[in-house]
Amino acid sequence: MASTGMQIFGFVLALLGIMGATVATLLPNWKVSADVGSNIITAISQMQGLWMDCTWYSTGMFSCTLKYSVLSLPAYLQTARTTMVLCCVLAAMGLCLASLGLKCTRWGGGRRSKRHAAIASGGCFVTAGFLCLVPASWFTKEVITNFLDSSVPESNKFEPGGAVYVAFISAGFLFVGGSIFCMSCPGKRHGPQDLVLLPPPDKLLLQQQQQQLLQQQQELQHQYCSLSPLDNKTGYSLQDYV
């Protein structure tokens, strides 16, 4: 089983991963306008995210527009929305299970229960990392493809923004943290697997004395019942001599 220090290190990585995935989901700079050509006059910078599009103007104004219509969005953007939300939910569930599977905590049951909780949390973290990696990779591919397309005007060309890099780093953190917790799989061990709660010493001594007294009473009853009727006679009978 993984050591306590490694488990804490994996827990911290998973915590950073879920925080990064949440931030990347909410950031509006999944792709930013590319500085190519000299056709940008009024707008300084344009950013597009999963939920809104923002624009910096030369006058210093900053405006954002929410994407209300889901069906009008391209397939890669709809997929990125869904998978990033699932990634955050699954990572949060894994974080709850990881707190039960840590060896340094008192809750979570015995050793076997803690190992099972650690394995389940590791599976949640690895799956969440995969769900975070897929939209980031697909989004980057679409942005690069449109950038290299000569038919797309220069004013509509974008580059991958900071949110994409945050998503990649978060996926790496989740993968490493999940792998550490998955190393806590149960193996064949000798001895008791779960904690055994013993009574206090006073009660244990009293129970032992009661058991000894009960055994002595049973032995006395057995000896008394094994005596024959002739052994109980105290006098002589005339029939014994006739």
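The values are calculated or read from the model by the stated rules, or taken from the named source; none is laboratory data. Fair warning: this is a prediction, and the values are worked out from it, not measured in the lab. So basically every Cβ, Gly included, is an ideal-geometry build from the backbone, and we count neighbours across all protein chains shown. Just the protein is used for accessible areas: all its heavy atoms, side chains included, with ligands, DNA and RNA removed. Shrake-Rupley method; radii C 1.70, N 1.55, O 1.52, S 1.80 Å.
Numbers below:
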{"item": "Subset of the stretch 144-153 (residues that are within 20 Å of residue 49 (Cβ to Cβ) and either at pLDDT below 90 or among the polar types (S, T, N, Q) (or both))", "result": "145, 146, 147, 152"}
{"item": "Segments classed as strands (runs of 3 or more DSSP E), wholly inside the stretch 32-148, with at least 3 members that are touching a residue at least 60 places away in the same chain (Cβ under 8 Å)", "result": "43-48"}
{"item": "Which listed residue is touching a strand residue (DSSP E or B) at 6+ places or on another chain (Cβ under 8 Å) and loosely packed, with under 15 Cβ neighbours inside 10 Å, from 66, 26", "result": "66"}
{"item": "For residue 156: the one exception among (1) within 19 Å of residue 15 (Cβ to Cβ); (2) open to solvent by 50 Å² or more (accessible area, probe 1.4 Å); (3) at pLDDT below 90", "result": "(1)"}
{"item": "Selection status of residue 54, at pLDDT 90 or above and not aliphatic (A, V, I, L, M)", "result": "no"}
{"item": "Residues within the stretch 1-23 that are β-branched (Val, Ile, Thr) and either outside any helix (DSSP H, G or I) or buried (at least 24 other Cβ atoms within 10 Å of the Cβ) (or both), tallied", "result": "1"}
{"item": "The stretch 77-125, subset among the β-branched types (Val, Ile, Thr) and open to solvent by 50 Å² or more (accessible area, probe 1.4 Å), residue farthest from residue 23 (Cα to Cα)", "result": "119"}
